[in-house]
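Note sheet for the following structure.
The values are calculated or read from the model by the stated rules, or taken from the named source; none is laboratory data. It should be emphasised that the depicted structure is a prediction, and the values quoted were computed from it without experimental measurement. Backbone-built Cβ (ideal geometry, glycine too); neighbour counts: all protein chains shown. Side chains included, ligands, DNA and RNA excluded: accessible areas come from the protein's heavy atoms. Shrake-Rupley method; radii C 1.70, N 1.55, O 1.52, S 1.80 Å.
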There are 4 protein chains.
Amino acid sequence: MKPRRADRRTRREEILAAAIRVFARRGYAASRIDDIAQEAGVAKGSVYLYFDSREQLLHVAAEAFTARSAAVLAEAAAGRGGARERLERLVRGVVAMLTAEPDLARVLLDLWAASRWGPQSPLDLAATYREYRAAIAALLEEATAQGCPGAVDAHAHATVLVGAIEGCVLQWLIDPEVDPAALVDPLVRLLLPEPAPTTRPDPSR
Amino acid sequence: MKPRRADRRTRREEILAAAIRVFARRGYAASRIDDIAQEAGVAKGSVYLYFDSREQLLHVAAEAFTARSAAVLAEAAAGRGGARERLERLVRGVVAMLTAEPDLARVLLDLWAASRWGPQSPLDLAATYREYRAAIAALLEEATAQGCPGAVDAHAHATVLVGAIEGCVLQWLIDPEVDPAALVDPLVRLLLPEPAPTTRPDPSR
Amino acid sequence: MKPRRADRRTRREEILAAAIRVFARRGYAASRIDDIAQEAGVAKGSVYLYFDSREQLLHVAAEAFTARSAAVLAEAAAGRGGARERLERLVRGVVAMLTAEPDLARVLLDLWAASRWGPQSPLDLAATYREYRAAIAALLEEATAQGCPGAVDAHAHATVLVGAIEGCVLQWLIDPEVDPAALVDPLVRLLLPEPAPTTRPDPSR
Amino acid sequence: MKPRRADRRTRREEILAAAIRVFARRGYAASRIDDIAQEAGVAKGSVYLYFDSREQLLHVAAEAFTARSAAVLAEAAAGRGGARERLERLVRGVVAMLTAEPDLARVLLDLWAASRWGPQSPLDLAATYREYRAAIAALLEEATAQGCPGAVDAHAHATVLVGAIEGCVLQWLIDPEVDPAALVDPLVRLLLPEPAPTTRPDPSR
DNA sequence: TATGAATGAGTGTTCATTCAT
DNA sequence: AATGAATGAACACTCATTCAT
């Protein structure tokens, strides 16, 4: 019985992974259940043993995406170090997460487009981004309190920072020649507050 | 001879505008020709008197979008003033253009998603963004040459700037509570080079 | 007023001729009112000033065909000469008529196919062929009575003769390399009764 | 594993047979996929599990027709007996084949009309008839060589013979009162060369 | 009379989902 | 659980016909 359960879960994940690959390749709208089943190596009908509908596959992919985002956020926010340091960890973590799973990242294009589906939207992306901004704004304020100079309103700053990250990812999704990894340092340099002068003792003394 | 309601050009644009509204509302994938015809107040068949296919409507909407973008770019690049000033005009112009036509902006979500359609993609968005980045990078280098301190590679900086603009717009598209107009000043403060020291008399003297 | 009428009739004939050309080229099923109007050099709507419907154009073309057939039949049957001579004139006349108007002949392919439309069939082709056979059978019997040897039942003979004519035309319609003019002599030699021995003085004496 | 009702091959042939019946009844142009599906007792979509398109159904029907024709031709040509005997077998075989499957024969009306579709024509009927004529011409020449008197050029004779067969069938298709079976003897008597004098003892002696 | 824009019923085809095996 | 044949609702697109000008 136990192995059965494990099998079932594994098979479900295989199908989900296949769906994400197909969504990434063709876009959700053009992805047929047939394609997904073939990619997963199962019969078409079998997809329905693990998922209720084609749309649910997108929902679950969306959840996988938010779960990973939340993990990065939690890790950064809860981690050690000063606020600025944790912000940097967050930026690097988000980009690393997305580049580590490019197919999942590509599904973002569908999730963004699906945001207009209204309440049945595969995920409340608006809420996800709101939390994302709130967490970053909090860190930015903390950083300012810890001595980092903050030029603009923390919440607006957070929105610009989230925007820059997502916008860089967007450019990469649309044009694979854009290298998101190479953009992390510029992002950090341009959009994180400079380290507080007092955070590190001057090593030259 | 007098046209029943409007001349050909006008009628075509009415239908295109209707299509853009419907695409904005439901997303391209869920937009039916019937919806568009109804929104335009014409019969379904009439849409085909002006457009070859549903997909062509998206193509033409995409062209409308790039035309407006190119106009903003040209205006900013060709305008008077120093490089930094023109960059600022560009940033403000892009955001103003998108907020002035929110439905057209919302179609961006479909255009991004459609970038995976391959060669038949409604628009070579990758090329559009490449040009966008190149123009901004050129302005950034010019600004640096004119004395504005530039901390990072101009092309990376351009990508981050384009990303931040698009990313802020993205957040607005997904969550109408985000106000892009309020983000322009932060964008400018955070991502444009500081004005060259010589533009303002040094107050420390 | 009179010239108006003449104009109207002329214009109607022009449109009919255009329709026949288009039917001949594409087949009735694939012939669009647009094509016909363009071929006739008038606007689409104008076709409806002269004909009630697309189908009526086929009806009228069919009538044109039967009128010509009937003329040939009448001419042959009513003409001078012995029965065999008139039969030969009939065979030659039918083939000449069809080859003189190849586009009208090609429409036969549609008329045959349309014979399954039932009562609304563009023409009661079955009746046309029945009359055709009856007239020929009568001539064949007359020829036999006049001394031409007749080996088979006159009505069956007539059916075979009509069949051979139509079948030769059919082969030409399907394959333009078949030359119906070259088949008339063989048709006559093979399927008409030999001339009565008495019609020509035996040269061997 | 056991098929719901029949194996794939069988089901395909059921649908094809249904299509042939519907084509025969209404003509190809007026035959709706719905009609065919209903005639076959399946849902509309199921037709597409076995055929790519409505047009393909006509293609396959056409192939069925040529396959049967070719079989008759081969059987006659390869059979035993003198040339004249084989010719007679061919004529009788063709007519028997067509009357045995009247629905398939009726589709001929569509195939003839479809000959104008050009290269996408469901079948190269011109080629089919060319081969038909060539085979018959060869047999006619052989018969002449074997002593049967031949009055006209063998190829023209073959065209007339093919024409007479097809034309008799045509008359039957258009008017069911025409009985093709009753026309076979007249066809043979009128259009096949008389048996070679040696086959029967000369009664005048 | 002539036009051609407008109409909308009609149809081939697709594909998510179901279900008998 | 797994299959894949079957289903039928949905939809893009066509085109004969109408009608305002």
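Any idea which of (1) part of a loop (DSSP other than H, G, I, E, B); (2) at pLDDT below 95 is the one B:Arg9 doesn't satisfy? Among (1) part of a loop (DSSP other than H, G, I, E, B); (2) at pLDDT below 95, B:Arg9 violates only (1).
Considering (1) under 26 Å from D:Trp112 (Cα atoms); (2) surrounded by 15 or more Cβ atoms within 10 Å (Cβ to Cβ); (3) within 23 Å of the chain's Cα centre (by Cα), the lone condition that C:Glu63 does not fulfil carries the number (2). Would you be able to tell me the number of residues in the stretch B:139-161 that are in a loop (DSSP other than H, G, I, E, B) and either surrounded by 24 or more Cβ atoms within 10 Å (Cβ to Cβ) or more than 13 Å from chain A (Cβ to nearest Cβ) (or both)? So the count comes out to 3. List every residue pair whose Cβ atoms lie under 7 Å apart, where the two residues are 6 or more positions apart in sequence or sit on different chains, the first residue falls within the stretch D:29-44 and is more than 23 Å from C:Arg32 (Cβ to Cβ), and the second residue, located anywhere, is part of a loop (DSSP other than H, G, I, E, B) and open to solvent by 40 Å² or more (accessible area, probe 1.4 Å). Short answer, once both residue conditions are applied: D:Ala37/D:Ala43. Against the conditions (1) in a loop (DSSP other than H, G, I, E, B); (2) over 19 Å from the mean Cα position of the chain (by Cα); (3) facing chain C (nearest Cβ under 10 Å), D:Pro176 satisfies every one except (2). A:Cys148 fulfils the conditions (1) in contact (Cβ under 8 Å) with a residue 60 or more places away in the chain; (2) within 18 Å of B:Cys168 (Cα to Cα) except for a single criterion, (2). Checked against (1) over 19 Å from A:Val107 (Cα atoms); (2) in contact with a Ser or Thr (Cβ under 6 Å, 6 or more places away or on another chain), B:Asp103 passes all but condition (2).
Given the structure, is B:Ala17 farther than 20 Å from A:Gly27 by Cβ, more than 8 Å from DNA strand F (Cβ to nearest atom), touching a helix residue (DSSP H, G or I) at 6+ places or on another chain (Cβ under 7 Å) and not assigned by TED's automatic domain parsing to the domain that holds B:Gln120? Let's see the steps before the verdict.
Details: farther than 20 Å from A:Gly27 by Cβ: yes; more than 8 Å from DNA strand F (Cβ to nearest atom): yes; touching a helix residue (DSSP H, G or I) at 6+ places or on another chain (Cβ under 7 Å): no; not assigned by TED's automatic domain parsing to the domain that holds B:Gln120: yes.
Considered against the rule, which asks whether it is farther than 20 Å from A:Gly27 by Cβ, more than 8 Å from DNA strand F (Cβ to nearest atom), touching a helix residue (DSSP H, G or I) at 6+ places or on another chain (Cβ under 7 Å) and not assigned by TED's automatic domain parsing to the domain that holds B:Gln120, B:Ala17 comes out as no.
All of B:Gly118, B:Gly163, B:Gly147 fail the test of being more than 17 Å from B:Phe65 (Cβ to Cβ) and under 13 Å from the mean Cα position of the chain (by Cα), apart from B:Gly163.
On the basis of being touching a helix residue (DSSP H, G or I) at 6+ places or on another chain (Cβ under 6 Å) and either within 14 Å of chain C (Cβ to nearest Cβ) or touching a residue at least 12 places away in the same chain (Cβ under 8 Å) (or both), does D:Pro122 make the cut? Spell out how you get there, then give the answer.
Numbers: touching a helix residue (DSSP H, G or I) at 6+ places or on another chain (Cβ under 6 Å): yes; either within 14 Å of chain C (Cβ to nearest Cβ) or touching a residue at least 12 places away in the same chain (Cβ under 8 Å) (or both): yes.
When the stated conditions are applied, D:Pro122 passes them.
I'm checking my understanding of the structure. Among residues of the stretch A:7-40 that are away from chain B (no Cβ under 14 Å) and of a type in the set (Val, Ile, Thr), which one is nearest to DNA strand E (Cβ to nearest atom)? Residue satisfying both the conditions and the ranking: A:Ile33. Filtering the stretch C:52-68 to residues that are within 16 Å of DNA strand E (Cβ to nearest atom) and either more than 16 Å from C:Arg11 (Cβ to Cβ) or of a type in the set (A, V, I, L, M, F, W, C) (or both) leaves C:Ser53, C:Arg54, C:Glu55, C:Leu57. Given the criteria in contact with a Cys (Cβ under 9 Å, 6 or more places away or on another chain) and at pLDDT below 95, does D:Ala196 qualify? So D:Ala196 passes the test. Selection of the stretch A:46-60 for residues being within 14 Å of DNA strand F (Cβ to nearest atom) and buried (at least 18 other Cβ atoms within 10 Å of the Cβ) yields A:Val47, A:Tyr50, A:Phe51.
The set of residues in the stretch C:46-60 that are within 14 Å of chain D (Cβ to nearest Cβ) and within 18 Å of the chain's Cα centre (by Cα) contains only C:Leu58.
Look through the stretch C:93-119, keep the residues that are within 10 Å of another protein chain (Cβ to nearest Cβ) and either outside any helix (DSSP H, G or I) or open to solvent by 20 Å² or more (accessible area, probe 1.4 Å) (or both), and return whichever of them is nearest to C:Gln171 (Cα to Cα). Once the filter is applied, the top-ranked residue is C:Arg106.
For the stretch B:23-40, filtered to residues that are open to solvent by 50 Å² or more (accessible area, probe 1.4 Å) and in a helix (DSSP H, G or I), the residue that is nearest to A:Tyr28 (Cα to Cα) is B:Ala29. Residues in the stretch D:120-138 that are assigned to a helix (DSSP H, G or I) and open to solvent by less than 20 Å² (accessible area, probe 1.4 Å): D:Leu125, D:Ala126, D:Tyr129, D:Arg133, D:Ile136, D:Ala137.
A:Gly81 passes every criterion in (1) at positive phi; (2) outside the structural domain of A:Ile165 (by TED's automatic domain parsing) apart from (2).
Which one of these is within 16 Å of DNA strand E (Cβ to nearest atom) and either assigned to a helix (DSSP H, G or I) or within 22 Å of A:Arg116 (Cβ to Cβ) (or both): B:Leu49, B:Leu90? B:Leu49 is the lone residue from the list that is within 16 Å of DNA strand E (Cβ to nearest atom) and either assigned to a helix (DSSP H, G or I) or within 22 Å of A:Arg116 (Cβ to Cβ) (or both). Quick one: would you say B:Leu73 is in a helix (DSSP H, G or I), touching a residue at least 40 places away in the same chain (Cβ under 8 Å) and over 30 Å from B:Glu141 (Cα atoms)? Criteria not met by B:Leu73.
Per the conditions (1) open to solvent by less than 50 Å² (accessible area, probe 1.4 Å); (2) more than 18 Å from D:Ala29 (Cβ to Cβ); (3) at pLDDT 95 or above; (4) more than 13 Å from chain D (Cβ to nearest Cβ), the sole criterion not satisfied by C:Ala43 is (1).
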